[in-house]
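Chemist: Following this message is one structure expressed as structure tokens.
The values are calculated or read from the model by the stated rules, or taken from the named source; none is laboratory data. The structure displayed is predicted, hence computed values, not measured ones. Using ideal geometry, Cβ is built from the backbone for each residue, glycine included, and neighbour counts are taken over all protein chains shown. Note: areas computed on protein heavy atoms with side chains; ligands, DNA, RNA excluded. Shrake-Rupley method; radii C 1.70, N 1.55, O 1.52, S 1.80 Å.
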Amino acid sequence: MNAARQVDALVIGAGAAGLFCAAQAGQRGLAVLLVDHAPKVAEKIRISGGGRCNFTNREATPANFLSENPHFCRSALARYTPADFIALVQQHGIAFHEKHKGQLFCDDSAEQIIRMLLAECERGGVERWQPCGVQGLERLDDGTWLAQTARGPVQAHSVVVATGGLPVPKIGASDFGLKLAERLGHRIVAPRQALVPLTFAGNDWAPFVPMAGQAMPVLISTRPASSGKGKKLAPPVQFHEDLLFTHRGLSGPAVLQISSYWQPGQPVEINLLPNVNVAEALRSAKQRSKRQLGNELASLLTQRMADTWLQMLGLDATLAMPQVPDAHINQIAQSLEAWSLTPAGTEGWNKAEVMAGGVDTRDLSSQTLESRLQPGLYFIGEVVDVTGWLGGYNFQWAWASAHACAEALAERAQ
């Protein structure tokens with residue numbers, strides 16, 4: 001049997017959190033081995049932000065994250081901020097721009113962020129084994145960890161699990177981290193798809209198929225299901241973002257955001273014209289316009305959408321405005337300003353950007369990300385039950401949790 005390779009820290013998973021943690025720990029003087037079962041590093045970074053990587057959000061606060069314990073992320077986020085990561089990006093000469101609501105993207109390519117992380121790993125003397133799966137992990141009597149890997153055994157003072165979540169299995173996503181955590185006694189908050197398009201039953205959605213490709217700014221809301229006995233009804237969550245109609249349902253930033261909070265069986269409510277008093281606009285048109293109802297409504301929507309909407313309501317689009325009953329105007333206004341519909345499901349893990357749920361934060365230290373059950377074992381990034389909004393927040397959690405963990409690794413190694 002081969003002698004085990006000795007390291008201070010074994011980091012499992014070469015995604016955003018794993019690469020950054022390995023680099024930070026290595027630069028603090030630790031001997032770090034980074035392993036990943038996939039042949040390439042950071043595929044999720046590579047495809048993110050349309051290939052330009054929305055690497056952080058200037059405005060990130062704990063309020064932008066979901067968790068069974070919403071306070072858990074506070075410590076790590078406070079100790080490594082968006083400004084800290086921006087400074088690193090600038091240090092590497094990467095040009096970037098702000099696109100929308102604090103979202104920062106590379107001017108050129110997501111590859112620049114990957115190269116930066118690899119350069120930081122090199123600076124920290126990090127050794128990387130890829131592809132290299134981990135078949136087993138056990139804690140030895142002396143408090144160290146023994147990992148069985150495809151390239152032989154590794155004995156480590158500490159182990160960091162940075163294996164990400166379940167989205168996009170075709171780029172190597174797996175439930176390895178969740179299964180490992182569970183096997184070692186940790187509770188798991190049931191994983192669910194987040195930042196994902198919503199779908200509707202075929203018959204229910206058929207009237208709206210002609211609107212596929214239409215996009216518009218909306219106000220969208222849902223009331224997350226309360227969990228546990230005696231808990232108060234959760235307040236509604238709402239977002240003012242763009243919505244996109246698809247052949248199977250709804251997508252766009254508004255829907256991706258609300259999907260993280262949506263629970264099966266819960267309706268979502270959409271104001272399709274949040275900046276317009278629809279009833280007032282149509283009543284005014286009734287007084288001054290002889291145009292047809294469909295054309296008048298198209299001035300607020302689009303012609304295709306107005307025609308589809310009136311057909312769905314069973315109203316005559318060719319009726320001249322002076323002949324439109326007030327009851328019809330009220331019906332149109334109500335339907336557009338408070339459109340309530342219940343999704344049948346989501347587009348699944350292949351289309352989800354992140355995973356909600358994960359390793360229960362009750363079993364982890366918010367200061368260090370170390371397991372409360374297994375000393376020397378850490379969980380960081382997406383595998384933890386902390387999920388950010390759309391717009392660079394999940395990457396900021398990756399950097400912040402990795403940084404907090406690396407500091408703890410260095411202290412433990414002393």
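Chemist: Could you sort out which of LYS101/LYS286; LYS99/LYS286; LYS99/LYS351; LYS44/LYS99; LYS101/LYS290 sit more than 30 Å apart by Cα distance in this structure?
Modeler: From the list (LYS101/LYS286; LYS99/LYS286; LYS99/LYS351; LYS44/LYS99; LYS101/LYS290), the Cα-Cα distance tops 30 Å for LYS101/LYS286; LYS99/LYS286; LYS101/LYS290.
Chemist: Let me ask something else. Counting only protein heavy atoms and a 1.4 Å probe, tell me what percentage of region 342-388's accessible area is made up of carbon and sulfur.
Modeler: In region 342-388, the share of accessible area belonging to carbon and sulfur is 41 percent.
Chemist: Given the C-alpha centroids of region 9-24 and region 40-92, what is the distance between them in whole angstrom?
Modeler: Comparing the Cα centres of region 9-24 and region 40-92, I get a distance of 15 Å.
Chemist: What FRET efficiency comes out for the pair LEU313/ALA150, r = Cβ-Cβ distance, R0 = 56 Å, nearest 0.05?
Modeler: It comes out at approximately 0.40.
Chemist: Would you mind getting the accessible area per residue of the chain, heavy atoms of the protein chains only, 1.4 Å probe, in Å²?
Modeler: 43
Chemist: Give, as ranges by residue number, the residues of region 201-220 whose backbone N falls under 18 Å from the point 7 Å along Cα→Cβ of THR342.
Modeler: 201-206
Chemist: If you don't mind, there's one more thing I want to ask. Kindly express, to the nearest 10 degrees and within the range 0 to 90, the angle between helix 326-337's C-alpha long axis and the longest C-alpha principal axis of the chain.
Modeler: 10
Chemist: Quick one: length gained pulling ALA413 to ALA95 fully straight, 0.36 nm per residue minus the C-alpha distance?
Modeler: Net length gain for the segment: 110.9 nm.
Chemist: Given a 1.4 Å probe and every protein chain left where it sits, what share in percent of the accessible area of region 159-301 is carbon and sulfur?
Modeler: For region 159-301, the apolar C and S fraction of the accessible surface comes to 52 percent.
Chemist: When the Kirkwood radius is taken over all Cα pairs of the chain, what Stokes-Einstein diffusion coefficient follows at 25 °C and 0.890 mPa s, in µm²/s?
Modeler: 106
Chemist: Once Rh is set to the Kirkwood radius over Cα pairs, what Stokes-Einstein translational diffusion coefficient, in µm²/s, holds for region 320-377 at a temperature of 4 °C and a viscosity of 1.567 mPa s?
Modeler: After rounding, the answer is 76 µm²/s.
Chemist: What does region 181-319 give for Rg and for Dmax, in Å, if only its C-alpha atoms count?
Modeler: Over region 181-319's Cα set, Rg and Dmax evaluate to 19.2, 72 Å.
Chemist: Using only the alpha carbons of region 283-402, determine the length spanned along each of the three principal axes and report them from longest to shortest in whole angstroms.
Modeler: 76, 26, 24
Chemist: A further question follows. Can you compute the helix-only [θ] at 222 nm over the chain? Use -39500 (n - 2.57) per DSSP H run of at least 4 residues, normalise by all residues, nearest 500 deg cm²/dmol.
Modeler: That calculation yields -9000 deg cm²/dmol at 222 nm.
Chemist: Would you mind estimating how fast region 1-128 diffuses translationally, via Stokes-Einstein at 20 °C and 1.002 mPa s with the Kirkwood radius over Cα pairs, in µm²/s?
Modeler: 135
Chemist: Using the beta-carbon distance between ARG187 and ALA3 and R0 = 45 Å, what value does 1/(1 + (r/R0)^6) give for FRET efficiency, to the nearest 0.05?
Modeler: For ARG187 and ALA3, the calculated efficiency is 0.80.
Chemist: Just the Cα atoms of region 105-184, one point each, no solvent: what log10 I(q)/I(0) does Debye give at q = 0.13, 0.14 Å⁻¹?
Modeler: Each listed q corresponds, in turn, to -0.57, -0.66.
Chemist: A follow-up question, please. Roughly speaking, what is the centre-to-centre gap between region 365-414 and region 105-163 when only Cα atoms are used, to the nearest Å?
Modeler: Centre-to-centre (Cα) distance: 14 Å.
Chemist: So for the chain, averaging the separation of alpha carbon pairs under 8 Å that are six or more residues apart and normalising by length, what relative contact order in percent results?
Modeler: 24
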